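**Q** Could you have a look at this structure, given as structure tokens, before my questions?
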Amino acid sequence: MDAAQTRKIPTRSWGFWIVLVFLFTIVIGLTMWKDWWLTGEEPNILFYLIVPAGSMLGGVLCMFWVVKVRQLPLTFLELLAVVIGVNLVMQGMEIVLKLIYHLVWEYPGWLYIAIVFPIGFLLGVYGLVRWGGIKWGAAAVLMAVGLAGELLTAGLISSIFGLTTPGS
């Protein structure tokens with residue numbers, strides 16, 4: 001590898017990871033409160049911890065497999081940081097959407113898919129291009145694989161542990 005092909009991989013301190021975990025914990029707590037407030041049901045801690053953490057890990061592992069097959073210059077931790085960041089934003093948008101639409105009318109489930117998923121997808125693609133230094137097409141494929149991996153893992157975890165969405 002010559003000097004033109006080398007890429008400086010950004011390093012992240014422990015503080016960066018502590019902040020991400022702290023933000024994740026706050027967002028999960030807000031989600032639990034929001035669902036309790038909207039449905040009146042006591043939150044199931046397993047649902048709010050195992051499903052998001054497990055689905056993010058499943059998405060990152062699927063993405064990492066693609067990275068290795070396509071020989072992209074990304075590390076597991078870079079992918080993990082992008083996925084956690086995207087999930088924080090998506091969860092925050094879900095909280096706001098559910099609160100707004102609960103006050104106006106009952107929350108339509110299609111709205112989450114129509115608004116939150118595309119924004120999360122675009123943020124993830126941008127993060128992979130900006131931070132990972134890969135091309136837009138590769139980033140879009142990688143993010144699509146990651147989101148599919150997250151959805152499949154969330155479904156698998158929910159089925160194994162018998163967890164359901166609050167209010168369902």
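The values are calculated or read from the model by the stated rules, or taken from the named source; none is laboratory data. Computed from a predicted model, the values in this text were never measured in an experiment. Every residue, glycine among them, receives a Cβ derived from its backbone with ideal geometry; neighbour counts consider all protein chains shown. For accessibility, only protein heavy atoms count, side chains too; no ligands or nucleic acids. Shrake-Rupley method; radii C 1.70, N 1.55, O 1.52, S 1.80 Å.
**Q** What are the pairs with Cβ atoms under 8 angstrom where one residue, in the stretch 141-163, is β-branched (Val, Ile, Thr) and the other, located anywhere, is not in a helix (DSSP H, G or I)? Sequence gap at least six, or different chains.
**A** Short answer, once both residue conditions are applied: ILE157/LEU163.
**Q** Going by the structure shown, is LEU103 touching a residue at least 40 places away in the same chain (Cβ under 8 Å) and part of a helix (DSSP H, G or I)?
**A** no
**Q** Given (1) farther than 20 Å from LEU23 by Cβ; (2) surrounded by fewer than 14 Cβ atoms within 10 Å (Cβ to Cβ); (3) modelled with pLDDT under 90; (4) not acidic (Asp, Glu), where does GLY137 come up short, assuming only one miss?
**A** (3)
**Q** Here's another thing I want to ask about it. Exactly one of these conditions fails for ILE84: (1) assigned to a helix (DSSP H, G or I); (2) modelled with pLDDT under 90; (3) over 25 Å from ILE45 (Cβ atoms). Give me its number.
**A** (3)
**Q** Hey, another quick one. Which one is most open to solvent (accessible area, probe 1.4 Å), of the residues in the stretch 34-93 that are among the charged types (D, E, K, R) and under 19 Å from GLY127 (Cβ atoms)?
**A** Ranking the qualifying residues of the stretch 34-93, first place goes to ARG70.
**Q** Here's a follow-up. Kindly establish whether LEU122 is surrounded by fewer than 14 Cβ atoms within 10 Å (Cβ to Cβ), without any contact (Cβ under 8 Å) to a residue 24 or more places away in the chain and under 18 Å from MET63 (Cα atoms).
**A** Judged against the criteria, LEU122 is a match.
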